[in-house]
Amino acid sequence: MKLKLDIDPDIVAMMAAEVAAGERAVTAAMREAGTGQKTAWRLQITGAGLGPRLANSIRSQNFPRSGESLDAAALVRSKAPVIVGAHDTGPLIRSKNGFWLAIPLPAAGYSLRGGRITPGEWERRRGLRLRFVYRRTGPSLLVAEGRLNTKGQAVVSRSNTGRGKVTAPIFPLVPQVKLPKRLDLARDAERALDGVPGLIVANWVEERF
């Protein structure tokens, strides 16, 4: 017995069209999912009060970079993974050298590089020496003898009489600090992943009709 199979060219064309439609649907769905997750993470970061600069560190990238594929994927990541990861996990932070962590108070101001200023940078910029003050209860302090400017920051006092001179706490010293968990990135990632099948179907149906 011999069987002869003739493939209708129309069926071949239909199958090719379906594959192409599937490639476009999967690619579009992954792009939407990646963009949605990026937006959700950025909103989380700004909502937690961490600022737009850190939020804008969240980027998305699509694969393939051009064209369509049934294996299309989206990568959502941060350009500041250490900072974002710390706020996502809430780690316990200790000094690298086993000493104290110096936490800048408002009187310390900010670093020229952005973020928190260190005692060394503070002394170089202010022209003041920090003095260690031991306290039996509560954290010990690094303080400075000077005056407070209009921004509430400690600066050199130019008064010959000592008028307006204060002893300003600049840095409390603590052995460790627990960073509060302010983000839940896994929540939005799971939502994005769960939504992918629906996005594929929606884009496939739209492609066909």
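Some observations on this one:
- Length-normalised contact order for the chain - Cα pairs under 8 Å, 6+ apart - percent: 26 percent
- Segment 166-178 - phi-based ³J(HN,Hα) in whole Hz, Karplus 6.51/-1.76/1.60, Gly and Pro as x: 9, 9, 9, x, 10, 9, x, 10, 10, x, 6, 9, 9
- Accessible area in the full protein assembly, largest first, 1.4 Å probe, for Ile11, Ile103, Ile170: Ile11, Ile103, Ile170
- Placing unit charges on the Cβ atoms of the charged side chains and taking the dipole of the chain about its Cα centre, the candidate lying farthest along the positive direction among Thr89, Tyr134, Pro119 is Tyr134.
- Gaussian network model of the chain, springs between alpha carbon atoms under 10 Å - residue of Lys165, Lys79, Lys181 with greatest fluctuation: Lys165
- One chain, two ends: Ala86 and Ser111. Fully extended at 0.36 nm per residue, the span grows by 7.0 nm beyond their Cα-Cα distance.
- Springs between Cα atoms under 10 Å define the GNM used for the chain, and in it the highest mean-square fluctuation of Val12, Val155, Val76 occurs at Val12.
- Electrostatic tally near Thr118: other residues with Cβ closer than 13 Å to its Cβ, Lys and Arg +1, Asp and Glu -1, net +4.
- Cleavage-rule hits, chymotrypsin sites (Phe, Trp or Tyr not before Pro), segment 69-165, DSSP coil, Cβ neighbours within 10 Å at most 13: Phe99, Tyr110, Tyr134
- Gain upon complete extension [Leu179, Ser140; 0.36 nm per residue less C-alpha separation]: 12.1 nm
- CD proxy at 222 nm, helix term only [per DSSP H run n ≥ 4: -39500 (n - 2.57); per residue of the chain; nearest 500]: -13500 deg cm²/dmol
- Here's how it looks for Ser140: its modeled amide H is under 5 Å from those of Arg135, Leu173, which are all 5 or more places away or on a different chain.
- Largest to smallest accessible area among Met14, Met30 [probe 1.4 Å]: Met14, Met30
- Three-way shape label, the chain, alpha-carbon gyration tensor, a/c 1.5: prolate
- Choice from Thr137, Thr89, Thr167 showing the highest fluctuation, given a GNM over the chain with Cα pairs closer than 10 Å: Thr137
- Of the DSSP H helices in the chain, those with a Cα length along their own long axis of 24 Å or more and a mean Kyte-Doolittle hydropathy reaching -1.0 comprise 9-47, 185-208.
The values are calculated or read from the model by the stated rules, or taken from the named source; none is laboratory data. Bear in mind that the values here come from a model prediction, so they are computed numbers and not experimental data. As a convention, Cβ positions derive from the backbone with ideal geometry for all residues, glycine included, and neighbour counts pool all protein chains shown. Quick note on the areas: whole protein, heavy atoms, side chains included, nothing else; ligands and nucleic acids left out. Shrake-Rupley method; radii C 1.70, N 1.55, O 1.52, S 1.80 Å.
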